[in-house]
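The values are calculated or read from the model by the stated rules, or taken from the named source; none is laboratory data. Just so it is clear, the structure is predicted and the values come from calculations on it, not from any experiment. Counting neighbours? That spans all protein chains shown, and the Cβs are built from the backbone with ideal geometry, glycine included. Keep in mind that these areas ignore ligands, DNA and RNA; they rest on the heavy atoms of the full protein, side chains included. Shrake-Rupley method; radii C 1.70, N 1.55, O 1.52, S 1.80 Å.
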Amino acid sequence: MSDMLAENGYIAVCPDFYVGKEPWSPSHDWSTFQEWLEDKKPTNINKEVDAVLRFLKEQYGAKHIGVVGFCWGGIATHYLALQYPELKAGVSVYGIIREREDRYELRSPTLFIFGEKDPIIPLDQVSTLEAILKEKCTVDYQVKIFPGQTHGFVHRKREDVNPTDKPSIQTARTDMLNWLDKYM
């Protein structure tokens, strides 16, 4: 995904938010996932984000900075849209903050992308997000649900793509790029 963003003219940085710790692998024992995740909270990344923002501003003179994240990174994107008004755009792909009261008070324009059949983020949570954003949010946002899609559909590797999913994947990727282009 970073390569795709770079191919579309963006400087793409993929920070190590796990700070050198091994990423989760689907081959690991899923019963230990919550334990592994405990010290890798997507809402505890300000130190690393501040370093990346400083790097982009000092090394590249970046004035228009956006953030894109998937799953854990989608939660991080949602969080950053609440914390960093200097971000010009955010794209949160199947990520949603559940535990914060201020989760609807976005400070950066944010596109949320979800799959209709995502077992991790049920549609009732997406509907609640959308309804309360409509009521409380003062910046531009969009919530888009892709029919028939599951968690992970936007960033699937080519070899894992079912041909019937290709149109949804391409549309979601185009939506992501269009959102970034619009605000950056």
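Under the criterion of Cα pairs below 8 Å and six or more residues apart, the relative contact order for the chain equals 17 percent.
Just subtract the alpha-carbon distance of residue 50 and residue 4 from 0.36 nm times their residue separation and send over the number in nm, one decimal.
Values: separation 46, 0.36 × 46 = 16.56 nm, distance 2.39 nm.
So the extension gain works out to 14.2 nm.
The residues of the stretch 53-104 have, on average, 44 Å² of accessible surface per residue, using a 1.4 Å probe with all protein chains present. Here residue 102 and residue 37 are evaluated by their C-beta separation; at R0 = 22 Å the FRET efficiency comes out at 0.50. Looking at the square roots a ≥ b ≥ c of the eigenvalues of the Cα gyration tensor of the chain, which shape do they give, rounded for a/c under 1.5, prolate if a/b is larger than b/c, or oblate? Cα axes put the chain in the rounded bin. The sum of -39500 (n - 2.57) across all DSSP H runs of n ≥ 4, divided by the residue count of the chain, sets its helix-only mean residue ellipticity at 222 nm to -11500 deg cm²/dmol.
Over all directions, what mean area does the Cα convex hull of the stretch 67-111 project, stated in square nanometres?
Its average projected convex-hull area is 2.5 nm².
Listed by chain and number, the aspartates and glutamates whose C-alpha is less than 13 Å from the C-alpha of residue 63, apart from same-chain residues fewer than 8 away, are 86.
For the pair the stretch 58-98 and the stretch 145-184, the centres of their Cα atoms are 18 angstrom apart.
P(r) tail for the stretch 112-184: Cα pairs beyond 17 Å make up 49% of the total. Projected label points at residue 127 and residue 158, each 7 Å from Cα along the beta carbon direction, are separated by 4.0 nanometres. Taking each of 40/166; 40/88; 134/182; 41/157; 47/117; 157/182 in turn, the alpha-carbon distance tops 30 angstrom for 40/166; 47/117.
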